[in-house]
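The values are calculated or read from the model by the stated rules, or taken from the named source; none is laboratory data. Keep in mind that this is a model prediction, so the values were computed, not measured. Virtual Cβ from ideal backbone geometry, glycine too; neighbours counted across all protein chains shown.
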Amino acid sequence: MVITVIAHSGEELKEFSSRATDPKAIGKIVGLTLESQSQRAFLEQRLGEWVWPERYPNMDDPFVNLAALVNWTNDGGQIQRRFFDRRPALMGSGDLTRSISSRISSGVVEVGSALPYAGLHQWGGPSSQPITEQAKKTIGKYIGEEKVDGTWRRKKNLGSNQKKQRETYFYRMKPLLGMTAMTTMVNQRPFLGITDENEREMVSTIEHFVATGES
């Protein structure tokens, strides 16, 4: 994008100069540009040239997003179809996407998320989750297991859906019934940062602002 500025008076030059040296206005442009790119990262499953790995990239079929399944069922939720899809990553509840915000303080633009697990997904690393009895009950029901005298056993008279679920996902999900916690290695999926793409977008937007006063 090429911006041509033609000043017809000294007053116009003052306006251009004022906008070009307005740290609050330019900081806002920078912040909004970075926010926008971060939010696009979830939709595009990439940040600039860094393409996000799919969920559990080394897991063979049948695929189960174990961390999301445990987290959801721990709070009483039922098992959903999305737990068996490899993509999109980090798009379960949408809370992380919505949490991205920016602020300007002392001439510094900060863009980020206040969610406690945001850094884990930005940089990757181990994550430990408890597995509650509520979660086990829900998981057991899904694969046709019930707890009798402290032992998980195959339920009798399974319906056709439970038979199919048991046949497909039993060996993926049954181990969860004997665990009190699960540790997962979270893959790095950066959604915050400066890229060649947003650098170009910031320069173009700032040039437009200086020339027209529109951001």
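Failed condition for Arg40, given (1) without any contact (Cβ under 8 Å) to a residue 12 or more places away in the chain; (2) loosely packed, with under 15 Cβ neighbours inside 10 Å; (3) not acidic (Asp, Glu), with all others met?
Here Arg40 clears every test but (2).
Let's see how each residue does on (1) hydroxyl-bearing (Ser, Thr, Tyr); (2) more than 28 Å from Val30 (Cβ to Cβ); (3) crowded, with 16+ Cβ neighbours inside 10 Å:
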{"position": "Val70", "(1), (2), (3)": "no, yes, yes"}
{"position": "Asp75", "(1), (2), (3)": "no, yes, no"}
{"position": "Arg86", "(1), (2), (3)": "no, yes, no"}
{"position": "Ser101", "(1), (2), (3)": "yes, no, no"}
{"position": "Pro116", "(1), (2), (3)": "no, no, no"}
{"position": "Gly119", "(1), (2), (3)": "no, no, no"}
{"position": "Ser128", "(1), (2), (3)": "yes, yes, no"}
{"position": "Ile131", "(1), (2), (3)": "no, yes, yes"}
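Out of region 111-139, which residues are over 20 Å from Leu90 (Cα atoms) and either free of Cβ contacts under 8 Å to residues at least 40 places away in the same chain or among the aliphatic types (A, V, I, L, M) (or both)? Spell out how you get there, then give the answer.
Restricting attention to region 111-139, the residues satisfying the condition of being over 20 Å from Leu90 (Cα atoms) are 131-139.
Ile131, Glu133, Ala135, Lys137, Ile139 - these are the residues of region 111-139 that are over 20 Å from Leu90 (Cα atoms) and either free of Cβ contacts under 8 Å to residues at least 40 places away in the same chain or among the aliphatic types (A, V, I, L, M) (or both).
Could you name every one of the helices (runs of 4 or more DSSP H) located completely within region 99-214 that has at least 1 residues being modelled with pLDDT under 90?
Result: 196-212.
Within region 28-57, track down each residue that is over 17 Å from the mean Cα position of the chain (by Cα) and modelled with pLDDT of 95 or more.
Passing the criteria: none in range.
Against the conditions (1) in contact with a helix residue (DSSP H, G or I) (Cβ under 8 Å, 6 or more places away or on another chain); (2) under 20 Å from Asp61 (Cα atoms), where does Pro175 fall short? Just the number, please.
Status for Pro175: all satisfied but (1).
Pairs, please: C-beta under 8 Å, at least 6 apart or cross-chain, first residue over 16 Å from Tyr117 (Cα atoms) and in region 181-195, second modelled with pLDDT under 95 and of a type in the set (S, T, N, Q)?
Thr195/Gln37
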